[in-house]
Amino acid sequence: MARYTGPACRLCRREGVKLYLKGERCYGPKCAIDRRGYAPGQHGQMRRKLSEYGIQLREKQKAKRIYGVLEQQFKIYFEEASRQKGVTGENLLRLLECRLDNVVYRLGFAKSRAQARQLVRHGHFEVNGKKVDIPSYQVKPGNVIAVREKSRSLEIFKEMAELGKGRVVPEWLSVNYDTLTGEVLRYPNREDIDVPIQEQLIVELYSK
């Protein structure tokens, strides 16, 4: 299945919660879910009672859309999470959080995960001094993520450095906006992950 290229705000309305797919727009008065807090489409305002399966499916779709992951990729992440020690749902979220594009977003080097994914693909970042252009690259504790030297003069990174100085970065990361570098201090715990997802519902869905 190809990646969704339609209006991002439509996805938030479909899930009924803000997925923060449009960066600053999601915090302002133009946010679509604030203006039209019902599902898109002709029958969007009709109230429908979801089945147990429907609730679980919506939770999976929500997670996929927040992190910008396709169906097959998401399934691979779940299988990897289920093989790891610990709670499968928390393992799944940790794998998604440790994607390079998500870390770039969390560090404040991009306004949204979609923008972060594009910047990574265009080769603007390096990990431990080596160029990495794979958005799904898994970062580990001790990894240093930096904007490449030749990219630092770009206007987008100058803007992010200025905006980022007032931004709160998750405790599992550290950042220096003067040098446009960040470091992974540790793997994130569940309390570090502020996404509106009930991961246990996803585990129940795949366990059927």
For this session: For residue 125, list long-range residues whose amide hydrogen, built 1.01 Å from N in the peptide plane, is under 5 Å from its own amide hydrogen.
Result: 132, 148
Problem set entry | In region 126-208, the GluC sites (Glu not before Pro) that fall in loop regions by DSSP, at most 13 other Cβ within 10 Å | 171
Seminar exercise, completed: Placing each pseudo-label 7 Å from Cα in the direction of the beta carbon, residue 121 and residue 152 end up separated by a distance in nanometres of 2.7 nm
Problem set entry | Exceeding the 31 Å Cα-Cα cut-off - candidates 62/150; 130/165; 64/131 | 62/150
Exercise. Does anything in region 126-161 have its amide N under 17 Å from the 7 Å Cα→Cβ label point of residue 84, and if so which residues?
Worked result: 136-143
Seminar exercise, completed: With label points set 7 Å from each Cα along the Cα-to-Cβ direction at residue 76 and residue 167, the distance between them in nm comes to 2.7 nm
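FYI, it's all coordinate maths here, none of it is from the lab. Keep in mind the model is a prediction, meaning the values are calculated, not measured. Reconstructed Cβ throughout: ideal geometry from the backbone, glycine too, with neighbour counts over all protein chains shown.
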